[in-house]
Amino acid sequence: MQQEWPQRPVRVERRQVDEAESRHANGPDWDRYADEYQATHGEFLGDIGFVWGPEGLTEAEAGVLHGVAGRDVLEVGSGAGQCSRWVRAQGGHPVGLDLSARQLQHSRRIDEATGVVVPSVVATATALPFADASFDVVFSSFGALQFVADLDGCVAETARVLRPGGRFAFSITHPTRWMFPDDPDEPGLTASQSYWDRTPYVELDDETGVVAYVEHHRTLGDWVALLAGHGFVITDLREPEWPEGHDRVWGGWSGTRGRLTPGTAIFGARLGG
Ligand SMILES: C[S@@+](CC[C@H](N)C(=O)[O-])C[C@H]1O[C@@H](n2cnc3c(N)ncnc32)[C@H](O)[C@@H]1O
């Protein structure tokens, strides 16, 4: 949905965008945004901290990964690696992956500051540069899943690199939020667009007309069908409640909306076999 940072003028459209166009827009976009993102949210995320979203639910509370100690773990859309660093601190063996080199430079910066190092690679969620059955756990905290057009390819790749019985968990904007304007205040509480309209949200550079940012929407039913279709058994669907006294506003997430509607969905699944 709407970007939360001031940037060059953009025009917003809803229109079809393929995987290449999504990737070519979002990589540079996250490179431009990375410094601002880390300056704004780094403290809330914690250098060695695993939160699933703006509500602040931690993996220590949620337990969606069902334990990481001794596990080989891949974080997709790892940003500055805060979650992976927490995994490492729990005795796991994490690797980060992100489309944005600038995000991974921040990851390196925090590695050096904390001494808790997460190896990471620039790549895309739809073509994971790892051998089959390399990981016990793949996760993504608001990472790539809502940014890829080829979600089928992304989940197929996840299943490929997981070992049988491996865990897959990810957080995304709660699909019901698609119905509302991306506004943290009262206007964000009035449904104004169809939940079932999957046409991507697209920002175009106003001067050049080039696609500058893309988000893709799937309904809850789409996610269930997709995971089941790739051999996953869904074990969790968490919809964190807005905590009492939590007054942080993050883009379209706020107490005003969070007290009434879910802003984040966290899926957990196990690969059958
Ligand atoms: C909202 S940030 C979340 C980062 C981190 N998980 C966190 O909680 O701070 C989304 C991240 O996904 C990355 N991303 C977007 N599209 C991607 C793709 N196709 N493959 C891998 N990473 C992607 C972005 O570069 C960005 O770092």
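For segment 55-82, enumerate the residues that are more than 10 Å from the ligand (Cβ to nearest atom), in a loop (DSSP other than H, G, I, E, B) and either under 17 Å from the mean Cα position of the chain (by Cα) or at negative phi (or both).
Glu55, Gly56, Leu57, Val64, Leu65, Val68, Ala69, Arg71, listed by residue number.
Within 16 Å of the chain's Cα centre (by Cα) and more than 10 Å from the ligand (Cβ to nearest atom): is that true of Thr40 in this structure?
No; evaluated as a whole, the condition is false for this residue.
Which pairs have Cβ atoms under 6 Å, sit 6 or more apart or on different chains, and link a residue in segment 62-84 that is closer than 14 Å to Phe168 by Cα to one that is part of a strand (DSSP E or B) and among the small types (Gly, Ala, Ser)?
Val64/Ala169; Val64/Gly268; Leu65/Ala169; Glu75/Gly96; Val76/Ser140; Gly77/Ser140
Answer yes if at least one residue in segment 130-145 is near the ligand (Cβ under 9 Å from one of its atoms) and in a loop (DSSP other than H, G, I, E, B), and no otherwise.
yes
For Glu207, indicate whether it is surrounded by fewer than 19 Cβ atoms within 10 Å (Cβ to Cβ), modelled with pLDDT under 95 and out of contact with any strand residue (DSSP E or B) (no Cβ under 7 Å at 6 or more places or on another chain).
Judged against the criteria, Glu207 is a match.
Any residue that is in a helix (DSSP H, G or I), of a type in the set (A, V, I, L, M, F, W, C) and either within 10 Å of the ligand (Cβ to nearest atom) or surrounded by fewer than 16 Cβ atoms within 10 Å (Cβ to Cβ) (or both) - is there at least one of those in segment 104-118?
Taking every residue of segment 104-118 in turn, at least one turns out to be in a helix (DSSP H, G or I), of a type in the set (A, V, I, L, M, F, W, C) and either within 10 Å of the ligand (Cβ to nearest atom) or surrounded by fewer than 16 Cβ atoms within 10 Å (Cβ to Cβ) (or both).
The values are calculated or read from the model by the stated rules, or taken from the named source; none is laboratory data. This structure is a prediction, so every number in the text was calculated from the model and none was measured. Counting neighbours? That spans all protein chains shown, and the Cβs are built from the backbone with ideal geometry, glycine included.
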